[in-house]
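Some notes on the structure that comes next.
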Amino acid sequence: MKFENSLSFAKNLDSIDELSSFSNKFAFPKSKRERTLYFTGHSLGLMPKHLPQIVSEEFTAWSEKGVEAHFLGEHPWLPYHEFLTGSLAKLTGAKNSEVVAMNTLTTNLHLMLVSFYRPKGKRTKILIENNTFPSDRYAVLSQARFHGLDPESTVIELKPSGDGMTVGIDSIKKQIAELGDELALVLLGNCNYLSGEYFPIAEVTKAAHEVGAFCGFNLAHGVGNLELSLHQDLVDFAVWCSYKYLNSGPGGIAGAFVHEKHHGNKSIPRFEGWWGTDKSKRFKMEKHFDPIPSVEAWQLSNPPIFQLAAARASLQLFDQAGIHKLRTKSQKLTGFLAFLIEENLASKLSLITPTSRGSMLCLKLNKGAQKLEKDMVEKGAYVDYREPGIIRVAPMALYTSFSDCFDLVELLDRSL
Ligand SMILES: Cc1ncc(COP(=O)(O)O)c(C=O)c1O
């Protein structure tokens, strides 16, 4: 699409945006501006206005029914996580039996590594992103150590291209092929948290499988942002959080995907808890663990209902809008923002995110990035700062308008 550098052009795009009414369903933080420009949904998504109501239904259930709320009412607590399954399956392109809402992101990553990082003989290496989010890095290094391996030589980071940030799928495939039968696991994000580069899941998974490695993804920057087809792409496992693009609130319930090809496999090691055992026998308090024949076997504990309720409220909006329409708008929105940045700010900063991306754009400044973040937030425009010198901005298809993108770039220009 050909964009124009004007507010009237942005307003015109807003007027034909069929998802524009969703913005009213979110609470924007108060600021000096009449409408706060919120471009940090990649860090913490905005609160859906109806979310407190959905959560408070569970406070009411607790106060009125006590322990019996596990079994009574429209949304009994015992199977509560199942009320999220259909929505999560749609967002991830999975079968219902392959997705579950549970725990937190790094916890789920460890649980998956227990099952899918099984070093044997010379097949010990884990390939991760360059600029991996620190928690992912700590997780794989500690898993290597747990297996008695030297973490520094076991965990291999992707080598970036000349820009020092992005990699590119051809290079990823080459690096996987070079590691060959030494490679036990490829673990990438879906979009890198620092460069915004998108890693094509199907191609990476195919390349990993070709050398006999497992392949898993951290979808912290993927779920709710991109259209996913985890089942079809034969991904072994995936994990995600819900407080970013999924707007379920700080520390919200995370999720996990395990491909159905692994469900019945008794040789897969797994850390187990009573929520993973056959539901019909759970309260028989048997000594024997009988895994649920789905990803639910990976559940450990009875889950936090208030967190699940918050996530359920937010997922209702994704169900209403549909991820295909959201992604289509998101591509246009991010394309427009990238165009405005290139047109107006190219002499002051560089856009490092390639066109293969989700909604987040990463801008590199030679100096003053941290100050810029502070200035912008003070003016009512939320952007965030990450070392080294990177400002991240992400328009969200659910609540960002094309006019917001125009206003943001104008403010960035003035602040710079
Ligand atoms: C890519 C990535 N991995 C891991 C984490 C850590 O998540 P948590 O604190 O929910 O375990 C984050 C959080 O922002 C992240 O962006």
Could you list, in sequence order, all residues of the stretch 337-371 that are open to solvent by 10 Å² or more (accessible area, probe 1.4 Å), without any contact (Cβ under 8 Å) to a residue 60 or more places away in the chain and touching a Phe, Trp or Tyr at 6+ places or on another chain (Cβ under 8 Å)?
-> 370
Only one residue in 197, 129 is more than 28 Å from residue 260 (Cβ to Cβ), touching a strand residue (DSSP E or B) at 6+ places or on another chain (Cβ under 8 Å), of a type in the set (Asp, Glu) and open to solvent by less than 30 Å² (accessible area, probe 1.4 Å), so which one is that?
-> 197
Does residue 94 meet the test of being farther than 25 Å from residue 192 by Cβ, at pLDDT 95 or above and open to solvent by less than 40 Å² (accessible area, probe 1.4 Å)?
-> no
Can you tell me which residues in the stretch 143-168 are open to solvent by 40 Å² or more (accessible area, probe 1.4 Å) and either assigned to a helix (DSSP H, G or I) or within 16 Å of the ligand (Cβ to nearest atom) (or both)?
-> 145, 146, 152, 153, 157
Of the residues that make up the stretch 373-381, is at least one modelled with pLDDT of 95 or more, at positive phi, buried (at least 18 other Cβ atoms within 10 Å of the Cβ) and not in a helix (DSSP H, G or I)?
-> yes
Count of residues meeting criterion [in contact with a helix residue (DSSP H, G or I) (Cβ under 9 Å, 6 or more places away or on another chain), assigned to a loop (DSSP other than H, G, I, E, B) and of a type in the set (Gly, Ala, Ser)] in the stretch 216-269 = 10
Residue list for the stretch 23-37, filter: open to solvent by less than 20 Å² (accessible area, probe 1.4 Å) and under 23 Å from residue 324 (Cα atoms) = 23, 26
Count - residues of the stretch 31-52 that are in contact (Cβ under 8 Å) with a residue 40 or more places away in the chain and assigned to a helix (DSSP H, G or I) | 1
Is there any pair with a first residue in the stretch 249-274 that is over 28 Å from residue 221 (Cα atoms) and a second that is assigned to a loop (DSSP other than H, G, I, E, B) and open to solvent by 20 Å² or more (accessible area, probe 1.4 Å) whose Cβ atoms are under 7 Å apart and which are 6 or more apart or on different chains, and what are they?
-> 264/293; 273/300; 273/301
Working only within the stretch 119-139, note down all residues that are of a type in the set (Lys, Arg) and more than 16 Å from the ligand (Cβ to nearest atom).
-> 120, 122, 123, 125
Odd one out for residue 195 among (1) in contact (Cβ under 8 Å) with a residue 40 or more places away in the chain; (2) assigned to a helix (DSSP H, G or I) | (2)
Could you list all residues from the stretch 92-118 that are of a type in the set (S, T, N, Q), touching a helix residue (DSSP H, G or I) at 6+ places or on another chain (Cβ under 7 Å) and either within 16 Å of the ligand (Cβ to nearest atom) or in a loop (DSSP other than H, G, I, E, B) (or both)?
-> 106
Filter pass, residue 9 being open to solvent by less than 60 Å² (accessible area, probe 1.4 Å) and more than 26 Å from residue 240 (Cβ to Cβ) | yes
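The values are calculated or read from the model by the stated rules, or taken from the named source; none is laboratory data. These figures come from a predicted structure and were not determined experimentally. Neighbour counts run over all protein chains shown; Cβ positions are idealised from the backbone, glycine included. Remember, those area values only see protein heavy atoms, side chains included, never the ligands or the DNA or RNA. Shrake-Rupley method; radii C 1.70, N 1.55, O 1.52, S 1.80 Å.
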